[in-house]
1. Stokes-Einstein at 20 °C, 1.002 mPa s, Kirkwood radius from Cα pairs: D for the chain in µm² s⁻¹?
2. Grab every C-alpha pair in the range 1-109, bin the distances at 10 angstrom width from 0 up to the longest one, and report whole percents.
3. Roughly how far apart, in whole Å, are the Cα centres of the range 247-289 and the range 181-212?
4. Keeping the other protein chains in place, figure out the carbon and sulfur percent of the accessible area of the range 153-226, with a 1.4 Å probe.
5. Label the range 81-200 by shape, choosing from rounded, prolate and oblate, from the square roots a ≥ b ≥ c of the eigenvalues of the Cα gyration tensor; if a/c is under 1.5 it is rounded, and otherwise prolate applies when a/b is larger than b/c, oblate when it is not.
6. Using a 10 Å cut-off on Cβ atoms, rank the peptides 306-319, 248-261 from the highest mean neighbour count down.
7. Per residue, how many Å² of accessible area does the range 177-324 show with a 1.4 Å probe?
8. Rg and Dmax of the range 217-265 over Cα atoms: what are they, in angstrom?
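The values are calculated or read from the model by the stated rules, or taken from the named source; none is laboratory data. Computed from a prediction, not measured in an experiment: that's the story for all the values here. Here the Cβ positions follow ideal geometry from the backbone for every residue, glycine too, while neighbour counts run over all protein chains shown. Surface accessibility is based on the protein's heavy atoms, side chains included, excluding ligands, DNA and RNA. Shrake-Rupley method; radii C 1.70, N 1.55, O 1.52, S 1.80 Å.
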Amino acid sequence: MASVDTGWLPPAERFDFWQDLVARESVPARISSDHAADFTASARVVDLGVVRLGVWRYPSLELHRTRRMIRSTDPELYQLALPLSGHGAVSQHRRQAPLAPSGFAVVDTVRPHRSSHRADGTATGPLSTLTALVPHAALPLPAHRIEELLAAELPADTGMGLLLARFLRQVADHPEQYAPTDAAHLDQVALALIAGTLAGRLDDELALPMDVRATGLRTRIEAFVQRHLADPELTPAAVAAAHHLSLRSLHRLFEGTGTTVAGLIRARRLERCRRDLADPRLGGLSVHEVAARCGFRDRAHFSRAFRARYGMSPREHRERAARR
């Protein structure tokens, strides 16, 4: 992970520094802004291996990647951009799409494109955008199909797009929560979700390789489990039914992952209990009430499972957290 802020530079040097940063961490482009005289901006880049994520904060601007800027040696990349605030537009391949927090915009970095991004109404403060750079060769979809999506909005507030947006934001906003050894797995999940979102927009999920579809489905199931932890009826059978799978197919999907669906549910419930027991805002709840909020109905079973996983009782964990 790399984080950069222009604030340490004299105002007159900030805009040029930003343009160099964009060229180095994304692709060279011609940038203009009404705030060029004092361009306060920051960037965080998280390299997962194949997918490279960026969180960019900046004043309003316009960007143009011209044909002359594109070299035959440039890496062939797709960029997915999700504005987290403000509004604007992106154009490429004789199409134009809005830039808004409701959707991803896709561009091919080895083709000319334009974009503009401005604040909404009287809003103050920097704009922000989440980006993902993916090599052409890493996506298991034909180039001519992806071409249909250039400068076309991909919804980020429903379906696979929502799952993709949440996953990328979690990784980009909190990279410190992951160990370096997690990068390969996060990379695989990011690729599967990006490919699944694009294929879904093209109504062509069957074009994806089986392993990519399996990774995407497991990720959707993990998100479903996380959302329904409080439901005491959350079982492998309920998960299978919600995803139109047989119980046997669900278990087969998780073979070789190091866990089972029941193990996943139990681990996520225990993780949430551990977090909630350490939260002073929930100090008025009893240990049993915290456990019930996470789907545990049997006190004795919860206490045994918690001690087995964390080496202490739930009460001891809460008391230790309160002393910190």
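1. Numbers: Rh = 22.0 Å.
Approximately 97 µm²/s, per Stokes-Einstein.
2. 12, 44, 38, 6
3. Answer, in whole Å: 25.
4. Values: 1850 of 3430 Å².
Carbon and sulfur: 54 percent of the exposed surface of the range 153-226.
5. Working: a/c = 1.91, a/b = 1.12, b/c = 1.70.
Taking the square roots of the gyration eigenvalues as a ≥ b ≥ c, the range 81-200 is oblate.
6. On the way: 306-319: 15.3, 248-261: 13.5.
Highest mean packing first, the order is 306-319, 248-261.
7. Numbers: 8420 Å² over 148 residues.
In whole numbers, the range 177-324 has 57 Å² accessible per residue.
8. 9.7, 27
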